[in-house]
1. Mind checking which residues of the stretch A:326-343 are outside any loop (DSSP other than H, G, I, E, B), away from chain B (no Cβ under 12 Å) and crowded, with 24+ Cβ neighbours inside 10 Å?
2. Residues B:L57, B:L30, B:L101: which one is within 15 Å of the chain's Cα centre (by Cα) and over 22 Å from B:Q130 (Cα atoms)?
3. Could you pull out the residue among A:T356, A:T371 that is not in a loop (DSSP other than H, G, I, E, B) and not basic (K, R)?
4. Among the candidates A:R308, A:R260, single out the residue that is modelled with pLDDT of 95 or more and among the basic types (K, R).
5. Hey, can you tell me all the residues within the stretch A:19-65 that are small (G, A, S) and more than 21 Å from A:R375 (Cα to Cα)?
6. Is it the case that the stretch A:366-373 has a residue that's more than 26 Å from A:S116 (Cβ to Cβ), at pLDDT below 95 and within 12 Å of another protein chain (Cβ to nearest Cβ)?
7. Yes or no: B:F84 modelled with pLDDT of 90 or more and surrounded by 13 or more Cβ atoms within 10 Å (Cβ to Cβ)?
8. Restrict the check to the stretch B:37-49 and report whether at least one residue is crowded, with 17+ Cβ neighbours inside 10 Å, among the charged types (D, E, K, R), assigned to a helix (DSSP H, G or I) and at pLDDT below 90.
Amino acid sequence: MAFDPSKVRSDFPILAQAVNGKPLVYLDNAATTQKPLAVLDASRRYYEEINANIHRGTHHLARAATAAHEAARDRVARHLNASESAEVIFTSGATDSINLVAAILTLVPGDEVLVSALEHHSNIVPWQMLCERSGASLKVIPCHEDGTLDQDAFRALLSERTRLTAFTWISNAFGTVNPVREMCAAAKAAGSLVLVDAAQAIPHVRIDVRELDADFLVFSGHKVYAPTGIGVLWGRRSVLDALPPWRGGGEMIKEVTFERSTYNVLPFKYEAGTPNIEGAIALAAALDYIEGIGLEAIAAHEQHLIRRAAEGLSALTDLRLFGPDDRVGALSFGIHGVHHYDLGTLIDQMGVAVRTGHHCCQPLMARFGVTGTTRASFALYNTEAEVDTLIAAVEKALVMLR
Amino acid sequence: MSIAEKQQQILEELSFLPGWQERYEYVIGLGRQLPAMSDKLKSSDKLIKGCQSQVWLDARAEDGHVRFSADSDSVITKGMIALFVRVLDGESPDAILSADLSFIDQTGLKEHLAPTRANALNLMATQMKQRALEIGAA
């Protein structure tokens, strides 16, 4: 099932450039992925051929744009194996999706929201704000030293007070893959709603929302080779139908009078205002692109690279790898006595782009007693040679810093 | 040596270092040479906010002159602040306040920095002038 990354690299024009006179080695894919020509073409074609506002126009272009936008929704629904396309709500990204859910839930004092220690700030702060608003309290599933969640503690924290449980599928900071099916089942058995953050999972693993049995699942398009500004909230119809609308405005209404308005049905109930039409179409193109290569082949290739990187880096003195050995997507490491920022600055000079810092996971960094890590994260277009360049660059930087 | 002359001296030293690697080794060397601040001095009021790495700055008066000490958990950041310390340490508050610190733009180091760190350099310069102002007014 292996594929040749050197062939797919030509699909990504941005990768051909040099940085500081060295070929760009882009290993910051957990922050955002680069876009293939198929996605860039889809965006451009939309504006060149069918740009119009959707849903209400009677003219040809409006019909074509509406059809393309709704076909994109169908494409996402198929990718997630959703029961119906109406369960797919387009948002501006995973953060927007989580904020939407946090805005439409009503909690009361005594209720609890359960999140995990691995969460990105985007899957913490909206819940904190909901708790502040409602008097509910936020509980945290702790993690073990290897960066996996403490499942016993998780089950002990679940109770009839748990109204919502939110956790990530894959940790952006450590690459930890959570046992999401089991966690969904446990939370549901306790009577809690469940939200799964699939922002890091979407480019690496197959997602089947029916098998997963969560109530909400969110992701951003830009993490899966689509543009920024488009994302998805998948929500179970029976749950979303019972919840109130959020933003008011065009498309989310059925009828408006100055006395009262009635609201549209799913998915439009949650899509006030002109949506990111081009973004949705480009997201569908991105999903077509990865399925054209094969998600399983991509995952196998990325796993090979991340293991090679972990092995190569482990050989360096005083190096600490974070997260479990079966990490996916992201490899986080620290070197005793070396500030991650210094390391990142020097390897950037050698053309290697990684992320340094807290990865928007300050509570997790505090748990591990560090201010940040250096994180290399992988995508389908990365190569063995790039992994070797990363390792050589880190070695060279350490010589300079020690 | 005046502040301007010290700045000129740094630029001359850097002119012998054409490559990024030599320039960074120079900065790392400066960071290593700058004495560490004691943990007692590294209180939160000495911390310069807005830097990705932690930077502490202390200033005290000595015979009408300002003596600076600084530290950072990042050696590159510490080397950068060492450039400022070398230029401003031991000068009078007035000389510090009127100093033109744009030499840092001519070092060629700034364009290699992430915007957050380039911004941190401006913050350091501002903070050093602020402390000089406080000492001058005291």
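1. So in the stretch A:326-343, the residues outside any loop (DSSP other than H, G, I, E, B) come out as A:330-335, A:338, A:340-343.
Then drop every residue that is not away from chain B (no Cβ under 12 Å), which leaves A:330-335.
Result: A:A330, A:L331, A:S332.
2. Values: B:L57 fails: over 22 Å from B:Q130 (Cα atoms); B:L101 fails: over 22 Å from B:Q130 (Cα atoms).
B:L30 is the lone residue from the list that is within 15 Å of the chain's Cα centre (by Cα) and over 22 Å from B:Q130 (Cα atoms).
3. Working: A:T371 fails: not in a loop (DSSP other than H, G, I, E, B).
One residue alone meets the criteria, A:T356.
4. Values: A:R260 fails: modelled with pLDDT of 95 or more.
The match here is A:R308.
5. First pass over the stretch A:19-65, keeping only residues small (G, A, S): A:21, A:30-31, A:38, A:42-43, A:52, A:57, A:62, A:64-65.
Result: A:G21, A:A38, A:A42, A:S43, A:A52, A:G57, A:A62, A:A64, A:A65.
6. Quick first cut of the stretch A:366-373, residues more than 26 Å from A:S116 (Cβ to Cβ) only: none.
No, because not a single residue in the stretch A:366-373 is more than 26 Å from A:S116 (Cβ to Cβ), at pLDDT below 95 and within 12 Å of another protein chain (Cβ to nearest Cβ).
7. Numbers: modelled with pLDDT of 90 or more: yes; surrounded by 13 or more Cβ atoms within 10 Å (Cβ to Cβ): yes.
Yes: the conditions hold for B:F84.
8. Yes, because at least one residue in the stretch B:37-49 is crowded, with 17+ Cβ neighbours inside 10 Å, among the charged types (D, E, K, R), assigned to a helix (DSSP H, G or I) and at pLDDT below 90.
The values are calculated or read from the model by the stated rules, or taken from the named source; none is laboratory data. Since the model is a prediction, treat every value here as computed from it, not as a measurement. When we count neighbours, we look across all protein chains shown, and the Cβ atoms used for this are built from the backbone with ideal geometry, even at glycine.
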